[in-house]
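Some notes on the structure that comes next.
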Amino acid sequence: MQSKVVIITGASSGIGAASAKLLAAKGAKVVLGARREDKLKQLTDEISAAGGEAIYQTLDVTQQADNDAIVKLAKDTYGKVDVIFLNAGIMPSAPLSAMKTDDWHEMVDINIKGVLNGVAAILPTFTTQKSGQVIATSSVAGLKAYPGAAVYGGTKWFVREFMEVLRIESAMEKTNIRTATIYPAAINTELLSTISDPTTSAGMQALYEAHGISSDRIASVVAFAIEQPADTNITEFTVGPTTQP
Ligand code: NDP
């Protein structure tokens with residue numbers, strides 16, 4: 001981990017923030033992106049106070065220019081990028097009959113196009129370096145169908161397919177780009193605050209209160225994937241509470 005340069009999107013809370021803290025504590029230089037600048041500044045200060053190395057830039061993953069800018073910041077500051085953790089996401093789940101069409105489009109823009117924009121920003125750098133690692137946060141909803149998750153789950157199924165083809169093509173093209181996709185179940189973060197449908201929100205709150213575990217658990221598997229030797233690709237992790245059926 002020492003000296004690795006790691007860009008993290010969705011770093012202002014939850015899984016991204018926990019990963020930033022753990023990776024920095026292990027010696028990585030973390031480059032943090034999200035929309036809420038106050039949260040990013042607070043986290044950067046916390047990491048620095050603990051003796052770690054962190055910088056941040058406000059980032060809206062739906063904007064290609066923002067994704068390009070955070071990659072440029074990392075390269076201008078540290079001269080390279082070793083890992084990009086594409087983690088930003090929202091989960092305004094609801095039955096289709098609720099007709100939350102604005103939410104549908106926002107999920108596609110952030111959870112799908114945000115990943116595309118991040119990969120578009122980093123791929124030329126990783127290809128030139130002939131090394132790099134793309135880690136993405138999918139979801140158990142990207143592995144299995146859940147009522148209320150037609151669009152959210154659909155965006156996370158997309159992440160699975162996209163990351164697997166990225167892995168295969170990178171191997172075929174011998175670019176030494178590693179990929180890891182993470183499928184979390186109930187992890188206690190701010191994610192439920194993105195649900196706008198009251199019935200779905202109440203159901204999810206009950207599920208997370210009964211089962212949710214700390215975002216530190218996902219940070220640990222992110223670190224594990226990065227810490228493998230360069231010739232070893234940890235392709236997928238499914239991580240959730242022991243008690244969640
Ligand atoms: P949080 O809500 O705590 O974190 C989401 C992060 O994404 C925040 O940092 C938020 O920052 C950022 N984000 C949202 N929209 C944008 C945007 N347009 N541009 C940049 N950043 C954005 O939830 P989690 O930590 O749980 O979510 C992280 C990932 O984990 C998501 O992809 C989620 O789908 C996935 N996941 C989570 C599960 C869970 O149970 N918690 C289960 C399965 C998957 P800001 O608002 O400051 O931009």
> Given +1 on the Cβ of Lys and Arg, -1 on the Cβ of Asp and Glu, and no further charges, what dipole in debye does segment 16-105 carry about its Cα centre, rounded to the nearest 20?
Replying inline: 240
>> Taking the 0 to 90 degree range and rounding to the nearest ten, how far is the long axis of helix 216-227 tilted relative to the main principal axis of the chain, both from C-alpha atoms?
In response: 30
> Which one of Thr77, Val61, Phe224 is farthest out on the positive end of the charge dipole of segment 5-239, using unit charges on Cβ (Lys, Arg +1; Asp, Glu -1) and the Cα centre as origin?
Replying inline: Phe224
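Could you rank the peptides 72-79, 175-182, 56-63 by their average count of other C-beta atoms within 10 Å per residue, with the highest value first? Spell out each step's value before the answer.
Details: 72-79: 14.5, 175-182: 22.5, 56-63: 20.5.
Taking the mean over residues of other Cβ atoms within 10 Å, the ranking is 175-182, 56-63, 72-79.
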> Taking only Cα atoms, what is the 0 to 90° angle, nearest 10, from helix 150-172's long axis to the longest principal axis of the chain?
Replying inline: 30
> Using only Cα atoms, what Kirkwood radius does the chain have, in angstroms?
Replying inline: 18.0
> Is the shape of segment 100-142 rounded, prolate or oblate, going by the alpha carbon gyration tensor and its root eigenvalues a ≥ b ≥ c, with a/c under 1.5 for rounded and a/b larger than b/c for prolate?
Replying inline: oblate
> What span do the alpha-carbon atoms of segment 161-245 cover on each of the three principal axes, reported in whole Å from largest to smallest?
Replying inline: 48, 23, 21
> Cross-link partners among aspartates and glutamates for Lys130, C-alpha distance below 17 Å, same-chain residues fewer than 8 apart left out?
Replying inline: Asp82, Glu169, Glu173, Asp231
>> Could you compute the longest span of the chain free of GluC sites (Glu not before Pro) located in DSSP loops and having at most 15 other Cβ atoms within 10 Å, not counting the site residues?
In response: 1-172
> So how strong a dipole does the chain carry about its Cα centre when Lys and Arg Cβ are +1 and Asp and Glu Cβ are -1, to the nearest 20 debye?
Replying inline: 480
>> Straight-line reach only, C-alpha to C-alpha below 20 angstrom: list the lysines that Lys39 could link to, leaving out same-chain residues fewer than 8 apart.
In response: Lys21, Lys29
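Values in this text are rule-based calculations from the coordinates and carry no lab data. Note that this is a predicted model, so its numbers are computed, not measured. We place every Cβ from the backbone using ideal geometry, glycine too, and count neighbours over all the protein chains shown.
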